[in-house]
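Before any comments, here is the structure.
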Amino acid sequence: MTINRVLTRLAAVCALNNFMQAPWPTLAGPNIFDSKIEPVEDMAADRAFPCCVVYTDYDSQHWNKGGGTFKDRMLTVTLELLVVQAAKVESSGEMASYSLDCPVTDPEIEITLDAFEHQALRALQADNPAAQLFNHLNVTCTNVISRRGASIEGGQRLAARQITLEMKCLREQVTGLVHPTVETFLQRMETFSDYSQTVDDLRGMMDYITNGPDGEVYSRTFGYTNRVLDILGTPRSPGGVLPPNIVFLTPTGGTP
């Protein structure tokens with residue numbers, strides 16, 4: 001399971017958009033997206049607006065199998081800061097589609113991106129449940145890289161900035177205890193209808209990790225075989241045993 005990766009991405013999004021409530025931490029307002037830009041009301045206007053897309057592109061050494069627990073888990077969080085131009089492409093009845101393009105940058109847009117980057121990094125260190133969870137899960141930032149955006153054709157500088165945060169992330173929990181920082185964040189997310197189903201899914205994932213006898217939990221977490229568990233004296237549930245009254249049929253319905 002990679003619950004901490006999911007929680008990290010959600011925490012970053014919620015820290016940057018303040019759980020979709022004003023006051024907004026950045027000049028992008030509510031236009032903070034998880035992995036993909038979604039349609040927003042502002043697209044109805046033919047104008048430029050800032051937005052941010054959050055990705056977790058790289059998660060190294062996150063599996064606990066064997067000696068994996070002794071390795072540093074490195075997680076990369078990518079913030080793509082954009083100033084996009086929305087334009088209506090076509091309209092069919094009440095449905096309309098829009099295209100998003102990054103204009104070529106200029107001094108004003110560059111200053112906007114600089115301010116946006118500064119606000120985004122500050123928002124990840126704020127005093128709220130989302131930022132607190134982000135920093136709880138990612139204990140150390142080993143590298144920060146800020147890259148400019150450019151077009152493939154000609155390399156023109158675009159109104160885009162990519163911030164890469166390479167961090168040491170906590171390993172998945174196996175004790176069955178949900179850390180208070182995680183629980184506070186989940187409870188806050190539950191108050192928003194857009195996130196309620198996500199919270200249910202996350203709780204289900206956490207229950208699966210710790211559900212069952214200790215032997216099964218250890219086996220799923222560390223990749224132990226039943227033989228190793230027996231040597232360690234760790235209890236586990238008995239394997240499935242077929243009842244004696246089962247009759248096996250051939251594909252045509254007859255008995256062998």
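Per-structure values
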quantity	calculated
³J(HN,Hα), Karplus 6.51/-1.76/1.60, whole Hz, each residue of segment 67-78, x for Gly, Pro	x, x, 5, 8, 9, 6, 8, 10, 10, 10, 10, 10
Convex hull of segment 112-200 built on C-alpha atoms - directionally averaged projected area, nm²	8.4 nm²
Accessible area of segment 104-190 divided out per residue, in Å², using a probe of 1.4 angstrom	55 Å²
Length added when fully stretched, Thr198-Lys168, from 0.36 nm per residue minus Cα-Cα	8.3 nm
Heavy-atom accessible area order for Val247, Val83, Val104, largest first, 1.4 Å probe	Val247, Val104, Val83
Heavy-atom accessible area order for Asp101, Asp127, largest first, 1.4 Å probe	Asp127, Asp101
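The values are calculated or read from the model by the stated rules, or taken from the named source; none is laboratory data. Keep in mind that what you see is a predicted model, and the values were worked out from it rather than measured. The accessibility values were calculated without ligands, DNA or RNA, using every heavy atom of the protein model including side chains. Shrake-Rupley method; radii C 1.70, N 1.55, O 1.52, S 1.80 Å.
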